[in-house]
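Only one structure is covered here, and it is reproduced in the block below.
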Amino acid sequence: MEKTQKDALENPLEKYPKPPYPKQQQSFPGLASKMDPLPDHGEDSYVGSNRLRGRKALITGGDSGIGRAAAIAYAREGADVAINYLPEEESDAQEVIALIEEAGQKGYAIPGDITDERFCEDLVKQAVKNLGGLDILVNNAGRQQASESIADISSYSFDATMKTNVYAPFWITRAALEHLKAGSVIIATTSVQAYDPAGILFDYAQTKAANVAYVKSLSKQLGSKGIRVNGVSPGPIWTPLQICGGQPPEAIPQFGEMSELKRAGQPAELAGIFVLLASNEGSYATGQIYGAAGGMGHP
Ligand code: NAD
Ligand code: MG
């Protein structure tokens, strides 16, 4: 079926399912395909217009949630896309590869654990080999585990969150740099938690603040090379991250209710920002953080 742009006004309050959501839990890292309601990654709605024709993108956490919405949009805009994810997420990843191919582009599935420095280097090598180069790098994978008290955060868990959210983007970016030419872009997924942290996300919030500083600092290093570095700062979005320990289980039914739009956002509602930041139309944006948080947090 040909996808056409919707021209009717859409009320953001009524556009998507609202709280209360069904109570649900999965073990980490979780599958989008098992969520209720299913998240909207733009499968039936995103319409491309060749804004990324011929580009080669690597997206970490591209199997589900925000990364999947970016992967679908990039493919429909004409990019070939490699996605990274954990082996347990193979079924979600294969759905994304099928959607990329349906858009007429090449999709590459590269499973592996980015808390491992060697794997991060290998991931970039595999992506560059498969894609025939690299000009869009999206550091989007993330780990979030809620904890009422700092006393309950184990060193293992703190370390895993730091490795996934802070070390991996460093390792992946360092390895990718030699492949990025002028006009290439790097995009990080940060969070409202960087600006207005919840008490229960003590470790995670610090990593998301680090992601903001990554954008602000790296954009200064790479500006003179013509490589732009920006970030996306989502509010509460309906993704597996949240139902695998990202929120306390009892908080899931009311997830997103505190936003001005009184609901969780959907991954599809962020796709346009990822496209803008990657495309030539965003050519004067570097060192910026673009928010989509239903009226919460900064920026
Ligand atoms: P998600 O669960 O769909 O995506 C996160 C992905 O990270 C997983 O799919 C997984 O593939 C990947 N990942 C985690 N640990 C990994 C590891 N060790 N090795 C390889 N891959 C690993 O959830 P999402 O909400 O779409 O998360 C994407 C990004 O959005 C994260 O950086 C998260 O911090 C950020 N974010 C999410 C929200 C939200 O409310 N969902 C809000 C603000 C920011
Ligand atoms: Mg996933």
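The values are calculated or read from the model by the stated rules, or taken from the named source; none is laboratory data. Just so it is clear, the model here is predicted, and its values are computed rather than measured. Positions of Cβ are generated from backbone atoms using ideal geometry, with glycine treated the same way; all protein chains shown enter the neighbour counts. The area values use the complete protein model at the heavy-atom level, side chains included, leaving out ligands, DNA and RNA. Shrake-Rupley method; radii C 1.70, N 1.55, O 1.52, S 1.80 Å.
Just name the residue that is nearest to ligand 1 (Cβ to nearest atom) out of those in the stretch 206-223 that are over 16 Å from the mean Cα position of the chain (by Cα) and among the small types (Gly, Ala, Ser).
Looking at the filtered set, the residue picked out is Ala213.
Return yes or no: is Leu276 crowded, with 20+ Cβ neighbours inside 10 Å and either within 25 Å of Trp171 (Cβ to Cβ) or away from ligand 1 (no atom under 15 Å from the Cβ) (or both)?
When the stated conditions are applied, Leu276 does not pass them.
Among the listed residues Gly54, Gly78, which satisfies the condition of being out of contact with any Leu (no Cβ under 6 Å at 6 or more places or on another chain) and away from ligand 2 (no atom under 11 Å from the Cβ)?
None of the others qualify; the one that does is Gly54.
Restricting to the stretch 222-272, name every residue that is at positive phi and either more than 16 Å from ligand 2 (Cβ to nearest atom) or not in a loop (DSSP other than H, G, I, E, B) (or both).
The answer is Gly226, Gly256, Lys262.
Looking only at the stretch 145-204, which residues are closer than 24 Å to Cys120 by Cα, of a type in the set (Val, Ile, Thr), in contact with a Gly (Cβ under 9 Å, 6 or more places away or on another chain) and in a helix (DSSP H, G or I)?
Thr161, Thr164
Looking at (1) open to solvent by 30 Å² or more (accessible area, probe 1.4 Å); (2) in contact with a helix residue (DSSP H, G or I) (Cβ under 9 Å, 6 or more places away or on another chain); (3) not acidic (Asp, Glu), which is the only condition Ala8 fails?
(2)
For the stretch 195-206, name all the residues that are under 18 Å from Ile237 (Cα atoms) and either without any contact (Cβ under 8 Å) to a residue 60 or more places away in the chain or open to solvent by 60 Å² or more (accessible area, probe 1.4 Å) (or both).
Tyr195, Asp196, Pro197, Ala198, Ile200, Leu201, Ala205, listed by residue number.
Residues that are of a type in the set (Gly, Ala, Ser) and farther than 17 Å from Leu134 by Cα: does the stretch 238-249 have at least one?
Within the stretch 238-249, one or more residues are of a type in the set (Gly, Ala, Ser) and farther than 17 Å from Leu134 by Cα.
Which pairs have Cβ atoms under 7 Å, sit 6 or more apart or on different chains, and link a residue in the stretch 147-168 that is open to solvent by 40 Å² or more (accessible area, probe 1.4 Å) to one that is within 16 Å of ligand 2 (Cβ to nearest atom)?
Lys163/Thr115
Of the conditions (1) open to solvent by 40 Å² or more (accessible area, probe 1.4 Å); (2) part of a loop (DSSP other than H, G, I, E, B); (3) touching a residue at least 12 places away in the same chain (Cβ under 8 Å), Gly287 clears all except one; give me its number.
Unmet condition: (1).
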